[in-house]
Amino acid sequence: GRIGAAKGPTAFRAALARYGVHEAAGWNYPKVYDAGDVSPASGHDEDSLFETHRRVFEAVTAVLDLGLFPIAIGGGHDLTYPFVHAVSKRNQPMTGIYFDAHLDVRPTVGSGMAFRRLIEDCGVRRLDAFGINPFVNAREHVEWFIKHGGHMHQSSATVDACLDGSDGPQRTLFVSFDLDVLDASHAPGVSAINPAGWTVREAQAAVVACGRSRAVKCFDLMELNPDHDVDDRTARIAAHLFLAFLRGYGAR
């Protein structure tokens with residue numbers, strides 16, 4: 001995709017500072033601790049990427065050691081791999097729900113590898129992907145995804161069913177939201193714009209439901225790319241969805 005997502009967390013913080021109220025009417029937000037940024041390694045090769053992943057893994061482990069619920073703001077979607085990897089060490093076995101135009105099950109190293117690696121390296125046994133665009137996913141990736149416990153959903157209608165599952169109180173889930181699942185008219189500031197994506201209202205309902213579920217052990221918002229945003233529109237949406245997740249979480 002387009003370069004620039006490394007600036008996503010800074011744009012997100014700026015948008016969040018200008019959006020919302022401290023005390024909402026009708027619900028209470030949980031307390032939030034900003035643990036700061038994970039500095040990426042220098043360089044643009046596989047070694048530097050894996051060093052960045054190692055740093056993310058260690059940072060998330062430290063957050064978990066404090067007994068906190070981890071939320072990550074990206075950044076490239078490859079960062080979901082070390083983020084969830086750290087969480088999965090304490091919540092085996094895990095299943096996953098993610099919102100994305102792309103399956104991200106490429107065998108090659110890069111932003112499109114995260115969910116393949118979570119299945120192969122972390123024992124994730126089922127993935128439910130929402131909003132997948134059939135025009136941008138290769139047949140071999142779709143076949144690999146389905147063969148390895150993947151399920152694709154076009155709309156948000158089945159989010160609640162995926163959250164409920166059939167594993168009872170022992171079920172543990174991660175949730176990852178790639179902002180490119182949203183339509184380009186709403187979210188131009190992403191690494192790969194989506195000409196036929198979701199509305200923000202549809203995404204909000206799904207994210208609130210994910211926040212409400214006690215089975216969900218972590219949440220991330222990825223691929224905010226301020227270099228291509230318009231009037232900070234996408235950053236503001238990211239802030240909105242973060243607050244939507246917190247609203248659901250506050251109802252636990």
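The values are calculated or read from the model by the stated rules, or taken from the named source; none is laboratory data. Just so it is clear, the model here is predicted, and its values are computed rather than measured. Neighbour counts are summed over all protein chains in view; Cβ atoms, including those assigned to glycine, are modelled from backbone coordinates with ideal geometry. Keep in mind that these areas ignore ligands, DNA and RNA; they rest on the heavy atoms of the full protein, side chains included. Shrake-Rupley method; radii C 1.70, N 1.55, O 1.52, S 1.80 Å.
Considering only residues that are in contact with a Gly (Cβ under 9 Å, 6 or more places away or on another chain), outside any helix (DSSP H, G or I) and either of a type outside the set (S, T, N, Q) or modelled with pLDDT under 95 (or both), which ones fall in segment 131-151?
Step one: of segment 131-151, the residues in contact with a Gly (Cβ under 9 Å, 6 or more places away or on another chain) are 131, 133, 141-142, 144.
Now narrow it down to the ones that are outside any helix (DSSP H, G or I): 131, 133.
Selection gives 131 alone.
State the number of residues belonging to segment 152-203 that are assigned to a loop (DSSP other than H, G, I, E, B), of a type in the set (Gly, Ala, Ser) and closer than 17 Å to residue 216 by Cα.
Narrowing segment 152-203 to residues assigned to a loop (DSSP other than H, G, I, E, B): 154-155, 165-167, 171, 183-189, 191-197, 199.
Checking the rest, the ones that are also of a type in the set (Gly, Ala, Ser) come to 155, 165-166, 184-185, 187, 189, 191-192, 196-197.
Next, from what is left, pick out any that are closer than 17 Å to residue 216 by Cα: 165-166.
Counting residues in segment 152-203 that are assigned to a loop (DSSP other than H, G, I, E, B), of a type in the set (Gly, Ala, Ser) and closer than 17 Å to residue 216 by Cα gives 2.
Looking only at segment 34-69, which residues are out of contact with any Gly (no Cβ under 9 Å at 6 or more places or on another chain), assigned to a loop (DSSP other than H, G, I, E, B) and open to solvent by 60 Å² or more (accessible area, probe 1.4 Å)?
Selection gives 34, 35, 37, 39, 42, 44, 45, 66, 67, 68.
Quick one: in segment 142-163, of everything that is β-branched (Val, Ile, Thr) and under 19 Å from the mean Cα position of the chain (by Cα), which residue is most open to solvent (accessible area, probe 1.4 Å)?
Taking the candidates together, the pick is 158.
Condition first: on the phi > 0 side of the Ramachandran plot, without any contact (Cβ under 8 Å) to a residue 60 or more places away in the chain and out of contact with any Lys or Arg (no Cβ under 9 Å at 6 or more places or on another chain). Can you find one or more residues in segment 163-179 that meet it? It would help to see each step written out before you state the result.
Going residue by residue through segment 163-179, those that are on the phi > 0 side of the Ramachandran plot are 165, 168.
With the extra rule that they be without any contact (Cβ under 8 Å) to a residue 60 or more places away in the chain, the set shrinks to 168.
Next, from what is left, pick out any that are out of contact with any Lys or Arg (no Cβ under 9 Å at 6 or more places or on another chain): 168.
So far as segment 163-179 goes, yes, one or more of its residues are on the phi > 0 side of the Ramachandran plot, without any contact (Cβ under 8 Å) to a residue 60 or more places away in the chain and out of contact with any Lys or Arg (no Cβ under 9 Å at 6 or more places or on another chain).
Scan segment 229-243 residue by residue and report those that are surrounded by fewer than 20 Cβ atoms within 10 Å (Cβ to Cβ) and either outside any helix (DSSP H, G or I) or free of Cβ contacts under 8 Å to residues at least 40 places away in the same chain (or both).
The answer is 230, 231, 232.
Which residue pairs have Cβ atoms closer than 9 Å, lie 6 or more positions apart in sequence or on different chains, and pair a first residue in segment 201-228 that is without any contact (Cβ under 8 Å) to a residue 40 or more places away in the chain and surrounded by fewer than 20 Cβ atoms within 10 Å (Cβ to Cβ) with a second residue that is part of a loop (DSSP other than H, G, I, E, B) and of a type in the set (D, E, K, R)?
214/252
With respect to the numbered conditions (1) surrounded by fewer than 24 Cβ atoms within 10 Å (Cβ to Cβ); (2) over 17 Å from residue 200 (Cα atoms); (3) not aliphatic (A, V, I, L, M), which one is the sole condition not fulfilled by residue 115?
Only one criterion in (1) surrounded by fewer than 24 Cβ atoms within 10 Å (Cβ to Cβ); (2) over 17 Å from residue 200 (Cα atoms); (3) not aliphatic (A, V, I, L, M) is unmet by residue 115, namely (1).
Tell me, which residue of segment 17-33 that is of a type in the set (A, V, I, L, M) and under 22 Å from the mean Cα position of the chain (by Cα) is surrounded by the most Cβ atoms within 10 Å (Cβ to Cβ)?
Step one: list which residues in segment 17-33 are of a type in the set (A, V, I, L, M), which gives 17, 21, 24-25, 32.
Subsequent filtering for residues that are under 22 Å from the mean Cα position of the chain (by Cα) retains 17, 32.
On the way: 17: 9, 32: 13.
Once the filter is applied, the top-ranked residue is 32.
Return yes or no: is residue 84 open to solvent by less than 80 Å² (accessible area, probe 1.4 Å) and in contact with a strand residue (DSSP E or B) (Cβ under 6 Å, 6 or more places away or on another chain)?
On the way: open to solvent by less than 80 Å² (accessible area, probe 1.4 Å): yes; in contact with a strand residue (DSSP E or B) (Cβ under 6 Å, 6 or more places away or on another chain): yes.
Taking the combined requirement at face value, the residue satisfies it.
Based on this model, can you work out whether residue 189 counts as open to solvent by 20 Å² or more (accessible area, probe 1.4 Å), farther than 23 Å from residue 85 by Cβ and not aliphatic (A, V, I, L, M)? If you could, list the steps in order and put the result at the bottom.
On the way: open to solvent by 20 Å² or more (accessible area, probe 1.4 Å): no; farther than 23 Å from residue 85 by Cβ: yes; not aliphatic (A, V, I, L, M): yes.
So residue 189 fails the test.
Can you run down the residue pairs with Cβ atoms below 6 Å, 6 or more apart or on separate chains, where the first is in segment 5-18 and on the phi > 0 side of the Ramachandran plot and the partner is surrounded by 19 or more Cβ atoms within 10 Å (Cβ to Cβ)?
none
Which numbered condition in (1) open to solvent by 90 Å² or more (accessible area, probe 1.4 Å); (2) part of a helix (DSSP H, G or I) is the only one that residue 3 fails?
Failing condition for residue 3: (2).
Of these, 128, 104, 121, which one is open to solvent by 30 Å² or more (accessible area, probe 1.4 Å), among the acidic types (Asp, Glu) and either in contact with a helix residue (DSSP H, G or I) (Cβ under 9 Å, 6 or more places away or on another chain) or in a strand (DSSP E or B) (or both)? Spell out the reasoning first.
Working: 128 fails: open to solvent by 30 Å² or more (accessible area, probe 1.4 Å); 104 fails: open to solvent by 30 Å² or more (accessible area, probe 1.4 Å).
Of 128, 104, 121, the one residue that is open to solvent by 30 Å² or more (accessible area, probe 1.4 Å), among the acidic types (Asp, Glu) and either in contact with a helix residue (DSSP H, G or I) (Cβ under 9 Å, 6 or more places away or on another chain) or in a strand (DSSP E or B) (or both) is 121.
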